[in-house]
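The next block holds one structure in the form of structure tokens; read it before the comments.
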Amino acid sequence: MADTKSCLQCHQSFTIRDKDEDFYRNISPQIGEHILSVPTPTLCPECRLIRRLAARNETALYLRKSSLTGKDIISMYSPEAPYLVGEMTELRKDGFDAMQYQNDCDPKRAFFPQFHTFACKVPHQALLNFGGQEAIEYNNFAYEAKNCYLCFWGDYGQDSMYNYGYVNLKNCINNFWLFDGELCFQCVNSQYCFRAQYVMNSENISDSAFIADCKHLDHCMFCVNLHHKKYCIWNKQYTKEEYFEQKKAYATGSFAAWEKMAEEFANFVKTFPRRALRNFNVENCDQGDMNNNAKDCYVSFHMVEAERCCYGIDNMKAFNCYDCYGSVNMTHCYECYAVVNCQHCLWSFDCYDSSDLYYCQSCRNSHDLFGCIGLKNKQYCIFNKEYTKSEYEKLLVELINTMQQKGEWGEFFPSTISPFGYNESTAFEYFPTDKKSALQRGYHWSDYIAPKPQVDKFIAASDLPDDIQDAPNELVDSAVICVLSGRPFRITKQELVFYREFSLPLPRLHPDERRRALMRMKNPRKVRDAICANCSKSTLTSFSSESEAIIYCELCYQALLA
């Protein structure tokens, strides 16, 4: 029988299903003769997600000193963060062993304060990048990034800038959740795009601009809900010659003209039916969206090749996992993020090729660890101190018994020990709030202001030339002041060349504000009840009630395209 609880954070009621209780029971660690039961959550799924994301910083980067060498480095930890920080090359070089920062554990004391003390003495990786050495600076959570700048949360980028949530990009600028793209600009939630601009929720788009909910388009502009088309403008078919003649009217690098076209296209999109949910090849995936090849996933979003997962977001190849974010190839994991090739990892993050980790961070090729940071090829460790198997199990049982008494066992790391202010964290990106509200909810807030760039000239964005062809080469030596946030940013030589080639206007917003604007174009990670505008049957949708979208259920939407 389902149990209803009240969230200790937001005080909203949430349900613990029988299936959920089975999961918590099955992942409960068995240490010798002791079964250390994982309790049911005290927070609702959304508050659990916010708490995890408040411990993760994807996009806020700082210039600070390495704690190991003293040289200037780029880091996701600000100079005011409580952690020691080193570059990836420093922490992975021969001779460095995180075991040297071990701490004794007092099993009679609360765990989280001890962990925080320990975490502040262990050097942390400045940026969570992997692969080639060119991925180290100016990107974060990036794998194999070559000549990329401010690209976050993606794999295999080359010669690209200002992208978030990507795989296989080449020469792309300012995209949000784009997979397999080349020479693309401002594409959102799309894949297989080439020479495309302003594309939303579409795939296999080439040499096109202002496209929404389309597939297999070539040389099209201002089109919605079209499949397998060429030479269309405003959903009207033209001959090849007519298309290129009509296109001349839109060939402009004017900022004002592009803004007007974007507004007209947004109004045009509102007149078309939209697909309520964008699941593909799923079975029994209730209350979720953007899932692909998934089965028995509940309240989950953007799950690929996943089965029996709940409350998951952005995971691939996951089996029987709850409350995980941004992970790959994992089984029986709970309240984790950025774990790869892991089994039975609980309340951990940035761990690879490991199993039976509890409250661990940045560990590799290890198993049977508790409260460890940065270990490689280790077993039976607590606070980076190694024990015999019997010593480890005895101490672990004592420690968890104390955690149970103090209400710590089963909870993710509390926000009070996060090294990031709420406004630096990924939580702020998806659940923005003001400083007062964040502090009232127990989160930190960073008031750190980075020094202004050392340039000879600052230019107000409103004073930039309207047309890209009027932009001088000397612009790359200046800093532009964002019209929205007032923060300075640079326009690099690489992007200036890109804008000129595709007649795109100069940006007026700081890269952070550009990313957030694209994020708002993507549906939220929650569903609501709706009525199909065609058949009047009940359906679920991830479009917000404020979106003004015309919602069609799956059957009606597919019939529309037939």
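The values are calculated or read from the model by the stated rules, or taken from the named source; none is laboratory data. Given the structure is predicted, the values throughout are model-derived calculations rather than measurements. Heads up, the Cβs are rebuilt from the backbone with ideal geometry, glycines too, and the neighbour counts pull from every protein chain shown. When the accessible area is computed, the model is the full protein with side chains, heavy atoms only, and any ligands, DNA or RNA have been set aside. Shrake-Rupley method; radii C 1.70, N 1.55, O 1.52, S 1.80 Å.
Would you confirm, using the coordinates I've provided, whether residue 370 is under 17 Å from residue 342 (Cβ atoms) and in contact (Cβ under 8 Å) with a residue 12 or more places away in the chain? Yes.
Free of Cβ contacts under 8 Å to residues at least 40 places away in the same chain and surrounded by 14 or more Cβ atoms within 10 Å (Cβ to Cβ), is that true of residue 35? Criteria not met by residue 35. Condition check for residue 547 on (1) at pLDDT below 95; (2) under 20 Å from the mean Cα position of the chain (by Cα); (3) closer than 30 Å to residue 462 by Cα: one failure, at (2). Note on segment 169-184: among residues that are of a type in the set (Phe, Trp, Tyr) and touching a residue at least 60 places away in the same chain (Cβ under 8 Å), the one that is most open to solvent (accessible area, probe 1.4 Å) is 177.
Taking the listed residues 351, 381, 324, the one that is of a type outside the set (Ser, Thr, Tyr), touching a Leu at 6+ places or on another chain (Cβ under 6 Å) and more than 26 Å from residue 108 (Cα to Cα) is 351, with no other qualifying. Between 352, 337, the distinction of being farther than 19 Å from residue 26 by Cα, in a strand (DSSP E or B) and either of a type in the set (A, V, I, L, M) or open to solvent by 10 Å² or more (accessible area, probe 1.4 Å) (or both) belongs to 352 only.
Scanning segment 236-259 for residues that are out of contact with any Phe, Trp or Tyr (no Cβ under 8 Å at 6 or more places or on another chain) and in a loop (DSSP other than H, G, I, E, B) yields one hit, 251. For segment 61-70, the tally of residues that are within 23 Å of residue 424 (Cα to Cα) and open to solvent by 20 Å² or more (accessible area, probe 1.4 Å) stands at 6.
Within segment 74-114, the set of residues being of a type in the set (D, E, K, R) and surrounded by fewer than 18 Cβ atoms within 10 Å (Cβ to Cβ) comprises 80, 92, 93, 94, 97, 104, 106, 108, 109. As a summary of the residue check, residue 117 satisfies the conditions (1) within 20 Å of residue 350 (Cα to Cα); (2) open to solvent by less than 60 Å² (accessible area, probe 1.4 Å); (3) at pLDDT 95 or above except for the one numbered (2).
Taking segment 509-519 as the range and being among the hydrophobic types (A, V, I, L, M, F, W, C) and open to solvent by 30 Å² or more (accessible area, probe 1.4 Å) as the test, the residues that pass are 509, 517. In the set 188, 122, only one residue is out of contact with any Pro (no Cβ under 6 Å at 6 or more places or on another chain), part of a loop (DSSP other than H, G, I, E, B) and modelled with pLDDT of 95 or more; that residue is 122.
Checked against the criterion of being closer than 25 Å to residue 121 by Cα and among the β-branched types (Val, Ile, Thr), segment 320-338 contains not a single residue that satisfies it. Across segment 520-562, the number of residues qualifying as buried (at least 18 other Cβ atoms within 10 Å of the Cβ), touching a Pro at 6+ places or on another chain (Cβ under 7 Å) and assigned to a strand (DSSP E or B) comes to 1. Can you find even one residue in segment 363-372 that is within 20 Å of the chain's Cα centre (by Cα) and of a type outside the set (Lys, Arg)? Scanning segment 363-372 turns up no residue that is within 20 Å of the chain's Cα centre (by Cα) and of a type outside the set (Lys, Arg). The condition (being closer than 23 Å to residue 507 by Cα, in a strand (DSSP E or B), hydroxyl-bearing (Ser, Thr, Tyr) and open to solvent by 20 Å² or more (accessible area, probe 1.4 Å)) is satisfied by just one residue among 164, 231, 198: 198. When 249, 262, 257 are screened for being surrounded by fewer than 18 Cβ atoms within 10 Å (Cβ to Cβ), hydrophobic (A, V, I, L, M, F, W, C) and out of contact with any strand residue (DSSP E or B) (no Cβ under 9 Å at 6 or more places or on another chain), only 249 passes.
Selection within segment 355-367: residues that are in a strand (DSSP E or B) and either basic (Lys, Arg) or without any contact (Cβ under 8 Å) to a residue 40 or more places away in the chain (or both). The member of this set that is least open to solvent (accessible area, probe 1.4 Å) is 357. Comparison of 143, 149, 166 shows that the only residue that is in contact (Cβ under 8 Å) with a residue 40 or more places away in the chain and either in contact with a Cys (Cβ under 8 Å, 6 or more places away or on another chain) or farther than 24 Å from residue 206 by Cβ (or both) is 149.
The single condition from (1) in contact with a Cys (Cβ under 9 Å, 6 or more places away or on another chain); (2) open to solvent by 10 Å² or more (accessible area, probe 1.4 Å); (3) not β-branched (Val, Ile, Thr) that residue 386 fails is (1). From the list 93, 121, 65, 146, the one residue that fits, being closer than 25 Å to residue 408 by Cβ, under 29 Å from the mean Cα position of the chain (by Cα) and charged (D, E, K, R), is 121. Any residue at all in segment 3-17 that is outside any loop (DSSP other than H, G, I, E, B), in contact (Cβ under 8 Å) with a residue 40 or more places away in the chain and among the hydrophobic types (A, V, I, L, M, F, W, C)? Among the residues of segment 3-17, not one is outside any loop (DSSP other than H, G, I, E, B), in contact (Cβ under 8 Å) with a residue 40 or more places away in the chain and among the hydrophobic types (A, V, I, L, M, F, W, C), which makes the answer no.
Residue-by-condition table, conditions (1) over 24 Å from residue 524 (Cβ atoms); (2) among the hydrophobic types (A, V, I, L, M, F, W, C); (3) part of a loop (DSSP other than H, G, I, E, B):
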| site | (1), (2), (3) |
| --- | --- |
| 39 | yes, no, yes |
| 47 | no, yes, no |
| 69 | yes, no, yes |
| 78 | yes, no, yes |
| 100 | yes, no, no |
| 103 | yes, no, yes |
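From the list 220, 187, 193, the one residue that fits, being over 22 Å from the mean Cα position of the chain (by Cα) and either surrounded by 21 or more Cβ atoms within 10 Å (Cβ to Cβ) or among the acidic types (Asp, Glu) (or both), is 220.
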